[in-house]
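Novice: Let me give you the structure first, and then I'll get to my questions.
The values are calculated or read from the model by the stated rules, or taken from the named source; none is laboratory data. Please read all numbers here as calculations on a predicted model, not as lab measurements. Quick reminder, even Gly has a Cβ in these numbers, built from the backbone with ideal geometry, and neighbours come from all protein chains shown. In case anyone asks, the SASA skips ligands and DNA or RNA and just uses the protein heavy atoms, side chains included. Shrake-Rupley method; radii C 1.70, N 1.55, O 1.52, S 1.80 Å.
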Amino acid sequence: IEEYLTGIDLPTLSRKVKSGRERFDYRYRWLSDVPLRGDAAGALSSFEACIASSEPSRFHDIWVRGSAGALAMLLELGRVQEARAHGERVLAQCEALQITIAAQPVQCQMALAEAMSGDGPRARARVEVVIADQVARGVTGLALGASYEARARIALVLGDEAAAARDTALAARASGQK
């Protein structure tokens, strides 16, 4: 991303926000048309920049989603052990900050990393906890669909084609597809 930022003027939105007695300056900048599809290494760099620029205690949703994206790209790049280590650090921070529901995408990516590194029972147990919680809370749509997709991908890694087919159908149904 850095090479795209050099010498260009990005659209910026600045806001002063009061939180208790403190005032914060929030600055949002965005960049369109950055080619990332098919470039896992480039996407990983972008997710790492997102993580670095968002403090987990103040911007936990952005930080968590960036962390989940980084885990996905590490797995895409075949860096499974690095993904597991990163996921463990992220989940430890989430626990310390009492971030639970927002951390579910990280839990799903961590489960996939566990499956890819040969720890199938732990992977399945982790994703089952996420799905059970979502179902109990009445979560539907893309969030539940993404969790079913993670469970399907875990099943594929573990060679369970029947479970993968079942979970792919559940993911499509939850996401509003036929």
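Novice: Can you list the equivalent-ellipsoid semi-axes of region 82-178, largest first and in whole Å, using the square root of 5 times each Cα gyration tensor eigenvalue?
Specialist: Working through the eigenvalues yields semi-axes of 21, 18, 9 Å.
Novice: So, with a 1.4 angstrom probe, what is the percent of accessible area on region 73-118 that is carbon and sulfur?
Specialist: Values: 1090 of 2210 Å².
Ligands and nucleic acids excluded, carbon and sulfur reach 50 percent.
Novice: Can you tell me how much longer the chain between Ala41 and Asp25 gets when fully stretched, taken as 0.36 nm per residue apart minus their C-alpha distance, in nm with one decimal?
Specialist: On the way: separation 16, 0.36 × 16 = 5.76 nm, distance 3.12 nm.
Extra length from Ala41 to Asp25 when fully extended: 2.6 nm.
Novice: In square nanometres and to one decimal, what's the mean projected area of the convex hull around the Cα atoms of region 51-116? Each step should come with its number before you reach the end.
Specialist: Working: hull surface 15.2 nm².
For region 51-116, averaging the hull's shadow over all directions gives 3.8 nm².
Novice: With just the Cα atoms defining each centre, how far is region 118-178 from region 79-107? Give it in Å.
Specialist: 18
Novice: Would you tally the net charge around Leu44, using a Cβ to Cβ cut-off of less than 13 Å, leaving Leu44 out, and scoring K and R as +1, D and E as -1? Present the calculation step by step, with values, prior to reporting the outcome.
Specialist: Working: positive: Arg79; negative: Asp39, Glu48, Glu76, Glu82.
Summing Lys/Arg as +1 and Asp/Glu as -1 gives -3.
Novice: While we're on this one: So between Arg122 and Ala49, what do we pick up on full extension, going 0.36 nm a residue minus the alpha carbon distance? Each step should come with its number before you reach the end.
Specialist: Working: separation 73, 0.36 × 73 = 26.28 nm, distance 3.00 nm.
My answer for the length gained is 23.3 nm.
Novice: What does the accessible area of Thr140 come to, in Å² to the nearest 10, when a probe of 1.4 Å is used?
Specialist: For Thr140, the solvent-accessible surface is approximately 100 Å².
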